[in-house]
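The values are calculated or read from the model by the stated rules, or taken from the named source; none is laboratory data. Keep in mind it's a predicted model, so treat the numbers as computed, not measured. So basically every Cβ, Gly included, is an ideal-geometry build from the backbone, and we count neighbours across all protein chains shown. Remember, those area values only see protein heavy atoms, side chains included, never the ligands or the DNA or RNA. Shrake-Rupley method; radii C 1.70, N 1.55, O 1.52, S 1.80 Å.
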Amino acid sequence: MEKMLIFGFSVTAEKDGYAPIAANIIEKSSKEISVDVKSIGGATFNLLPLIHNVLELKKYKYIILEISTCLRFNEDENYYHKILSDICLLFSRNGAKIGFLIFHRDNIDYKTDVMSKSIISFCQRNNFPVLDATPEVVALREKGDEGQLLRDGTHTTPAGANFYAEYAVRLARTLIDRPPAAVSENGMPASGLMKIDTIKSLRKFENFEKGGISLPYLELRQDRSIDLKFNRTIQFQGLMLVIGANSAWGKITIPDQNIEIERHIYDNRCYYYRYAYWFTKNIETDHLKISALDKEPEVKLLKGDEWKGPRSLNIAGIFVRNYGDGQIKVKIPRKS
């Protein structure tokens, strides 16, 4: 049995959306293929090279990526091409065939949109199949009929879910029938997520699952911290968190460089729990301190009750640029 992965953002995450419909059609039409759907909402696709090692990519012969519905985070085509190259190198290193879906996001001018044009030009240049649904949606939008397919300009109605599923099924059949694109190993990026449970000195973890991705996390209560000492210099790039109503302010300290960064990964949608990402610039260090601060959030939830109890920084992992195969040892220095 061969396996296919449909991976994307919040449009892919919808339980009644295009992805489960497409998966069902693909599995019924090809008894030799099973389809998994995995998703992460609220992300941009520069996250993908940092989480490739937790997506179990070795299982998949076919990978469909729906990564065009995220926020636009750059205006440079070459910048997007570099990230897309890293994604394809990592996602296809075990021989998987990769294809891209381009779906509509609200308030985007697709005549000038650099990101969608970058995905298309990258795929054309590197022989990756890509299907673009935006022209049909834009045509409806210009007539004022976009609501037939999209309830908010991005997420699907029942008719929109079926519409997008047709694109996903067409792309799946294209992938099945074509040889894999040639991918060079030159310059293979070594980024990855160091899962928090690989730090053996930390012993008590909770588990969180969303969008088909399951990760352990450390519940770091407010006014507490962990002090991490690595056995070699790393390029620290941030934290992967689990956020919700009880989320605390976080503080990252690099003791040998006098760097302190405070941030609250919290918004008005924290009435439900989800993954979130605290990116920093590349920081070379072998010593890192992470703290949960006793501060109240500055925004109110759209619905539900505000959290009244102790808050926590829920840490699922550490983004490391030169993680390689994960051969980094960490110890927690004893308090003097």
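Solvent-accessible area of the chain (1.4 angstrom probe, protein heavy atoms only): carbon and sulfur portion equals 45 percent. Helix-only arithmetic for the chain: the sum of -39500 (n - 2.57) across DSSP H runs with n ≥ 4, divided by the residue total, places the mean residue ellipticity at 222 nm at -7000 deg cm²/dmol. Across the chain, the longest piece that holds none of the trypsin sites (Lys or Arg not before Pro) lying in DSSP loops with up to 12 other C-beta atoms within 10 Å covers 205-299. With the Cα gyration tensor of the range 7-106 giving a ≥ b ≥ c as the square roots of its eigenvalues, does the rule (a/c under 1.5 for rounded; else a/b larger than b/c for prolate; else oblate) give rounded, prolate or oblate? In terms of gyration-tensor shape, oblate. Separation of the range 60-87 and the range 1-52, taken as the distance between their Cα centroids, equals 16 angstrom.
If you sort His264, His104 by accessible surface, 1.4 Å probe, largest first, the order is His264, His104. Counting DSSP beta bridges with both partners in the chain, what percentage is antiparallel, nearest 5? In the chain, approximately 70 percent of DSSP beta bridges are antiparallel ones.
Residue by residue, the range 60-73 carries 3J(HN,Hα) couplings of 10, 8, 10, 9, 9, 10, 10, 10, 9, 9, 8, 4, 6, 10 Hz when phi is fed to the Karplus relation 6.51 cos²θ - 1.76 cosθ + 1.60 (θ = phi - 60°); x denotes Gly or Pro.
Fully extending the segment from Asp106 to Arg269 would add 56.8 nm, taking 0.36 nm per residue of separation and subtracting the current Cα-Cα distance. Counting only Cβ charges, +1 for Lys and Arg and -1 for Asp and Glu, the dipole size of the range 212-320 around its Cα centre is about 260 debye. When Ile176, Ile196 are compared by accessible area of protein heavy atoms, the largest-first order is Ile176, Ile196, using a 1.4 Å probe.
Qualifying GluC sites (Glu not before Pro) in the range 25-70, where qualification requires a DSSP coil assignment and no more than 11 other C-beta atoms within 10 Å, comprise Glu32.
Loop-located chymotrypsin sites (Phe, Trp or Tyr not before Pro) in the range 6-79 (DSSP state not H, G, I, E or B) with no more than 14 neighbouring Cβ atoms inside 10 Å: Phe73.
Each Lys and Arg Cβ is given +1 and each Asp and Glu Cβ -1; about its Cα centre, the chain then shows a dipole of about 1160 debye. Among Leu202, Leu288, Ala19, whose Cα projects farthest towards the positive end of the dipole of the chain, with charges put on the beta-carbon of Lys, Arg (+1) and Asp, Glu (-1)? Of the listed residues, the answer is Leu202.
Each residue was assigned an accessible area with a 1.4 Å probe, and for Ser39 the value is about 10 Å².
Between Asp16 and Thr280, the contour length at 0.36 nm per residue exceeds the alpha carbon distance by 91.6 nm. Sum up the charges of everything whose Cβ sits under 14 Å from the Cβ of Glu298, counting Lys and Arg as +1 and Asp and Glu as -1, but leave Glu298 out. Once all neighbours under 14 Å are counted, the net charge is 0. Computed from the C-beta positions of Ser214 and Glu142, the FRET efficiency with R₀ = 30 Å rounds to 0.10. Rounded to 0.05, the FRET efficiency of the Lys200 and Glu262 pair, given R0 = 22 Å and the Cβ-Cβ distance, is 0.20. Using the Cα coordinates of the range 41-152, the gyration tensor eigenvalues translate into equivalent-ellipsoid semi-axes of 26, 15, 13 Å, sorted from longest to shortest. The distance from the alpha carbon centre of the range 236-252 to that of the range 98-156 is 32 Å, rounded to a whole number. Each of Leu90, Thr156, Cys270 was scored by the projection of its Cα onto the charge dipole of the chain, and the greatest displacement toward the positive side belongs to Leu90; charges sit on the C-beta of Lys, Arg, Asp and Glu.
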